[in-house]
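*Asks:* Shown below is the structure under consideration.
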Amino acid sequence: MDFIGAYSADNLKFLLDGLYITLIVAFVSIILSFIIGCIIGVIRYSEVPVLSPVMFYLVEVIRNLPLLLIIFFIRFALPEVGIKLGLITAAIAALTIFEAAMIAEIVRGGLMSIDKGQIEAARSSGLSNAQTLWHIVLPQGLRRMVPPLVSQFISLLKDTSLAVVISLPELMHNANIVIGHSYSYAIPTLALVALIYFTVNYLLSLLSRRLEQRTV
Amino acid sequence: MDYSILTDYFGLYMEGFYGTLLSSVLALFGSFLIGAVIAVFRITTVRGLRWFGAVYVEFIRNIPLLLVVYIFYYGPSALGFTLDGFKAGTIGLAVYTSAFIAEAIRAGIMAVPKGQMEASRSSGLSYIQTMLHIILPQAIKLVIPPLGNQFINLIKNSSVLTLVAGLDLMYFADGISTETYRTFDTYIFVALFYLVLTLPLSYGVRIWERRLQRKY
């Protein structure tokens, strides 16, 4: 185990470059998958004819596939049918599609958990279906969704490491290259990378706890 | 869609399918054993064990699966022995999943009302007897759906074995696609193989959950 060699200035900078890509890709994917997941979740909840069942099957299929397969497919298989995406775009697209399916289920679950009596009350006091959803169901539902949403975002951040399969230069990929220089770097590098992931995710979960206390 | 890929390379697909299934099943058993022990640690009154359990769960849940797999893949070679991709991958999967299973088991045990423990303890049963005859039989019913979900995750997550040459479905698919030059078709069939495993399982989990809801 060569801690001094593994933690040379060059290696550390290289790992931080990786962390930067990890954070960028995760951040963009979190925003996009949250928006798309909310839309799909609301569609699933509202039982729109044709659209809702189609979304159900789509979400089911995506949720039951490995993310690694989706990342690989978008980067290397889609070009065969004329869809060429760059490295970072492909990673973001894959993460967004997969996590949006997960978030859609969280959103639907959160909305379903709102008491039926509230909807009936809102409807009978003259609010339309859309108004009921927007002013009554969504604000309460979103609050209940905070904990599962944050743990999904933590999953997303961890899942960016799977983009190793398309050689996205994120944290895990760069760690792999550092280890490739010498096996004596393996344990020090992996320990440092673990600490970095842990710190970022732990801060996220602390943030979620604060959010929960504020909103509930 | 070129169906001849499926028929021509059926042997290789099945070999990968077998690897994926074997790794997932072994990791399920392993993670259940570790998870049960950690769950017990987390609910005992011994402070050291509680602390260890909490640190184990928090640490593992906040680092990527791939990192855990790398630790078992690169770690041993730094220490002078080797684990092949399949073994390192399966052990990594088991360790990673055990943190989630520990939490599921703990939640199941906590969901059994406290009065039952008090009642059976005051009617003369020992702590172990109470656990075995009163608490665990009730907890197991609640734990089955999250365990099922973890098994689905294991099957999907076993795809990371391909990143350490672990002889799983994704690994063999890589070989097939380099021979056929048809990445799109090759991986559509890979997706179908995963869905054959995961879709019935998630359907089963949903039915079980619905049955639990009806009871309470």
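*Asks:* Looking at B:Ala104, B:Ala99, which one is within 13 Å of B:Ala27 (Cα to Cα), out of contact with any Ser or Thr (no Cβ under 6 Å at 6 or more places or on another chain) and at pLDDT 90 or above?
*Replies:* B:Ala99
*Asks:* Here is a check on your reading of the model: is A:Ser161 at the interface with chain B (Cβ under 9 Å from one of its Cβ atoms), assigned to a helix (DSSP H, G or I) and surrounded by fewer than 19 Cβ atoms within 10 Å (Cβ to Cβ)?
*Replies:* no
*Asks:* Considering each of A:Ile36, A:Ile21 in turn, give the residue that is more than 30 Å from A:Ser128 (Cα to Cα), within 18 Å of the chain's Cα centre (by Cα) and surrounded by 14 or more Cβ atoms within 10 Å (Cβ to Cβ).
*Replies:* Going through A:Ile36, A:Ile21 in turn, just one is more than 30 Å from A:Ser128 (Cα to Cα), within 18 Å of the chain's Cα centre (by Cα) and surrounded by 14 or more Cβ atoms within 10 Å (Cβ to Cβ): A:Ile21.
*Asks:* Look at A:Phe98 and say whether it is closer than 30 Å to A:Gln140 by Cα and either in contact (Cβ under 8 Å) with a residue 24 or more places away in the chain or within 14 Å of chain B (Cβ to nearest Cβ) (or both).
*Replies:* For A:Phe98, the condition - closer than 30 Å to A:Gln140 by Cα and either in contact (Cβ under 8 Å) with a residue 24 or more places away in the chain or within 14 Å of chain B (Cβ to nearest Cβ) (or both) - is met.
*Asks:* Being in contact (Cβ under 8 Å) with a residue 12 or more places away in the chain, crowded, with 18+ Cβ neighbours inside 10 Å and farther than 17 Å from A:Ile71 by Cα is true for just one of B:Thr198, B:Thr162, B:Thr186. Which residue is that?
*Replies:* Answer to the check: B:Thr198.
*Asks:* How many residues does the range A:77-104 hold that are farther than 18 Å from A:Thr160 by Cβ, hydrophobic (A, V, I, L, M, F, W, C) and out of contact with any Lys or Arg (no Cβ under 8 Å at 6 or more places or on another chain)?
*Replies:* Counting residues in the range A:77-104 that are farther than 18 Å from A:Thr160 by Cβ, hydrophobic (A, V, I, L, M, F, W, C) and out of contact with any Lys or Arg (no Cβ under 8 Å at 6 or more places or on another chain) gives 3.
*Asks:* Could you check the range B:169-198 and list, in sequence order, the residues that are assigned to a loop (DSSP other than H, G, I, E, B) and either more than 10 Å from every other protein chain (Cβ to nearest Cβ) or within 30 Å of B:Arg210 (Cα to Cα) (or both)?
*Replies:* Hits for the range B:169-198: nothing passes.
*Asks:* Sticking with this one: Can you pull out the residues in the range A:45-75 that are in contact (Cβ under 8 Å) with a residue 40 or more places away in the chain and within 14 Å of another protein chain (Cβ to nearest Cβ)?
*Replies:* Answer for the range A:45-75, where residues must be in contact (Cβ under 8 Å) with a residue 40 or more places away in the chain and within 14 Å of another protein chain (Cβ to nearest Cβ): A:Leu58, A:Val59, A:Arg63, A:Leu67, A:Leu68, A:Ile71, A:Phe72, A:Arg75.
*Asks:* Taking the condition closer than 16 Å to A:Thr199 by Cα and at the interface with chain A (Cβ under 10 Å from one of its Cβ atoms), does B:Ile63 pass?
*Replies:* The answer is yes for B:Ile63.
*Asks:* Of all residues in the range B:87-121, which are among the hydroxyl-bearing types (Ser, Thr, Tyr) and either without any contact (Cβ under 8 Å) to a residue 40 or more places away in the chain or surrounded by fewer than 18 Cβ atoms within 10 Å (Cβ to Cβ) (or both)?
*Replies:* Residue satisfying the conditions is B:Ser120 alone.
*Asks:* Which of the following residues is out of contact with any helix residue (DSSP H, G or I) (no Cβ under 6 Å at 6 or more places or on another chain) and farther than 24 Å from A:Leu192 by Cβ: A:Ser33, A:Ser52, A:Ser46, A:Ser8?
*Replies:* A:Ser46
*Asks:* Let me ask something else about it. Could you tell me which of the residues A:Ile177, A:Ile187 is within 22 Å of A:Asp10 (Cα to Cα), touching a residue at least 24 places away in the same chain (Cβ under 8 Å), among the hydrophobic types (A, V, I, L, M, F, W, C) and more than 9 Å from every other protein chain (Cβ to nearest Cβ)?
*Replies:* Step by step, each of A:Ile177, A:Ile187 is checked, and only A:Ile177 is within 22 Å of A:Asp10 (Cα to Cα), touching a residue at least 24 places away in the same chain (Cβ under 8 Å), among the hydrophobic types (A, V, I, L, M, F, W, C) and more than 9 Å from every other protein chain (Cβ to nearest Cβ).
*Asks:* Right, another one. Checking A:Asp2 against (1) at pLDDT below 95; (2) within 23 Å of A:Leu87 (Cα to Cα); (3) of a type in the set (Asp, Glu), which single condition isn't satisfied?
*Replies:* (2)
The values are calculated or read from the model by the stated rules, or taken from the named source; none is laboratory data. None of the values given here were measured: they were computed from a predicted structure. So basically every Cβ, Gly included, is an ideal-geometry build from the backbone, and we count neighbours across all protein chains shown.
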